[in-house]
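This report refers to the structure that appears directly beneath it.
The numbers here are math on the coordinates, done by the rules we state, and not lab data. All values derive from a computational prediction rather than experimental measurement. Reconstructed Cβ throughout: ideal geometry from the backbone, glycine too, with neighbour counts over all protein chains shown.
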Amino acid sequence: MPREKILIADDEPDVLNLCTRIVCSEGYEVTGVLTGEEAIEAAQRERYDLFLTDMIMPGIRGLETSRIIRTYQPDIVCVLMTGHGTMDTAIQALQLGFSEFVVKPFSTLDLKLAISRALEKERLRRENARLSALIPLFEINKTLMTTVEEGQLARRVLRAACDELGATRGILMLRRTDGRLFVGTSTGFDVEQAQPETISFVLHTAEALLQERQQVLAQTSAGAEARVAEFMRRTQIESFMFSPLLAMDAPVGALVLAKSERGARFAPGDSELLSVLCGQAAIAFQNASLFEQIQRAYQELQELDDMKSEFISIAAHELRTPLAILMGHVELLAEEIEDTQIKARLQIVLRNALRLRGLVDALLDMRHLQTGEAQLEIAPCHISDLIRDAMDDLASMVEAKGIQVLVNVPADLEPVRTDPQKVLLTLSNLIQNAIKFTPQGGRVGVEASVHEDELRVSVWDTGIGIHAEEHERIFLPFYQVEPSLTREHEGIGLGLSIAKGMVERCKGRIWVESEPGQGSRFIFALPLGIDPDPVPAVTGILFSSEDVPGGPSS
Ligand code: ADP
């Protein structure tokens, strides 16, 4: 750190000598003079950090000398040496801006302390000023970072810049997506009324200055470079400041600030302030643009998702109606026909139509869950009844694969208040999977018991098992572990996501415990009782009388 420079003035050579030695011994760089006039001359030649002066000197006295020196060096710290240690002198010295004073005769320590205290006060004052200058920047930053609309952001940046730098006019230009500059906002320049040539000149000049990516300051047009001088002449401004808006080194825009009043100048430090402000503004503009892109992408995704849901709903609905009619007629035909060969073929048609209806139902169930249309219909239900119903539906599958089924439910299990249809659908999906992914002759089981305040139901099998890293993913819609593997099984990857949706709709949870080759155990836990939905159930939206055989469209 450079040594602080101290100027000492005292008309008594011995005192001056002594002071010089004391101050030098503290490591400061010292200049000693015998009169106020010499002190003023020295201060005109060189910058000092501290002025130590005797009060009474022939010619210009200490107080007046320090006043004059301050006009050259406003930040200099002044310390007074006086033989009149009265309160009045002290007050007068402090009023005149002296930081400290020492009363003659003073000790070495008195002088050292007075000087170090005065310098320390000045350091604190500067630090305080530096921090105070940061406060408006911090406030501006806060505002800018929370603004994501480009137009509003532009107006805020320009207002903050004009306020902080005392500019009366300003133009903020931004880059369009096609790379060209446009006027984002302005103040004091009547852009609406301006001639198109003037606007194009302004943009052209800004574009040219932007190429150099440097700030430009012209306090008068006389000292300015040609294109800036021309800009100032055309727009009738006195002083001009240009700053690029650079985000990750890319120019996203430019800011021009100006003062029009005669003799108006930008203050020292304004350039630094504007650089910081423009740096923050550029980041804020980039954030705003990213935010807009994300919002647009999100909106597009949302629209796509809505279209997908709508498509599933319409497609499933449109399939369900003819399917129901077809199944109704095939069933009737199968009953009526005598020929056993045709009867067997009709059974195949019926089985496949049922399979198709299962898929359509799964798509509709999924959509109902996603759109929140799956309403709760609460009733007391015995889990053993639901397990039996589910097993009955899957009896032919069990038989076809020669699976051994083991059901274990305590006889005294109390009924739970939940939505039986949703629990039945969950059980059906889990048991169907257990059978599907268990080789011929394997075992599948269903167990239920009460654990603290919930009913736990688990469906287990001795099938192929599932790797731990798949345990969460398999509950995602349309997810299947190995397409090549599952392709040999029926299904489109909706069974578990529907089961999860149904269980969660009943305020429960579902998970799996499994390892490859070790079979699987799917467990769901339900509260022993839940309340119905607060709003009345929405009915009749997707299904109507047209859905059943013999309905209006048959
Ligand atoms: P789908 O059965 O129609 O393929 P699911 O959503 O019911 O769809 O299941 C998703 C995937 O989870 C299945 O494709 C399968 O890979 C795996 N899976 C589900 N249940 C079992 C099970 N009991 N044993 C092994 N894998 C299973």
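List of remarks:
- Rounded to whole numbers, the Karplus 3J(HN,Hα) couplings from phi for the range 268-285 are x, x, 5, 4, 5, 4, 5, 4, 4, 4, 5, x, 5, 4, 4, 5, 5, 5 Hz, using 6.51 cos²θ - 1.76 cosθ + 1.60 with θ = phi - 60°, and x at Gly and Pro.
- Gyration tensor (alpha-carbon) shape descriptor, the range 138-189, a/c threshold 1.5: oblate
- Rg then Dmax, both in Å and based on the Cα atoms of the range 1-102: 12.5, 38.
- About its Cα centre, the chain has a charge dipole of approximately 1440 debye under the convention of +1 per Lys or Arg Cβ and -1 per Asp or Glu Cβ, with nothing else charged.
- Here Lys436 is the anchor, and the lysines within straight C-alpha reach of less than 26 Å, apart from those fewer than 8 places off in the same chain, are Lys401, Lys422, Lys500.
- Annotation: amide H-H contacts under 5 Å for Leu413 (H modelled 1.01 Å from N, sequence separation of 5 or more, or interchain): none.
- Global dimensions of the chain from alpha-carbon coordinates: Rg and Dmax equal 43.6, 141 Å.
- Assigned charges on the beta-carbon of Lys, Arg, Asp, Glu; the range 302-371 dipole about Cα centre (debye): 240 debye
- Label point of Arg234 set 7 angstrom out along Cα-Cβ; within the range 241-282, amide nitrogens under 19 Å from it belong to 241-244, 254-260.
- Dipole orientation for the chain: of the candidates Leu94, Ala324, Gly59, Gly59 has the Cα lying most toward the positive pole (charges on Cβ; Lys, Arg +1; Asp, Glu -1).
- Fully extended contour minus Cα-Cα distance, from Glu120 to Leu356, at 0.36 nm per residue: 76.2 nm
- The alpha-carbon of Lys112 sits under 23 angstrom from the alpha-carbons of these lysines, leaving out residues fewer than 8 places away in its chain: Lys5, Lys104, Lys121.
- Only aspartates and glutamates eight or more places from Lys343 in sequence, or on another chain, were considered; those with a Cα closer than 15 Å are Glu331, Glu335.
- Potential extension, Ala395-Arg456 segment - 0.36 nm per residue separation minus Cα distance: 19.6 nm
- Sorted from greatest to least, the principal axis extents spanned by the alpha carbons of the range 106-264 come out as 75, 40, 27 Å.
- Each pair of Cα atoms in the range 253-333 enters the Kirkwood radius, and Stokes-Einstein at 20 °C and 1.002 mPa s then converts it into a translational diffusion coefficient of 112 µm²/s.
- Shape category assigned to the range 379-543 from the gyration tensor of Cα positions, a/c cut at 1.5: prolate
- Note, ³J(HN,Hα) from phi for the range 396-407, Karplus 6.51, -1.76, 1.60, rounded to Hz, x at Gly and Pro: 5, 5, 4, 5, 4, 9, x, 8, 8, 10, 10, 10
- Near Ile8, the amide H atoms lying under 5 Å from its own belong to Thr31, Gly32, Val33, Leu52; only residues 5 or more places off or on other chains count, and H is placed 1.01 Å from N.
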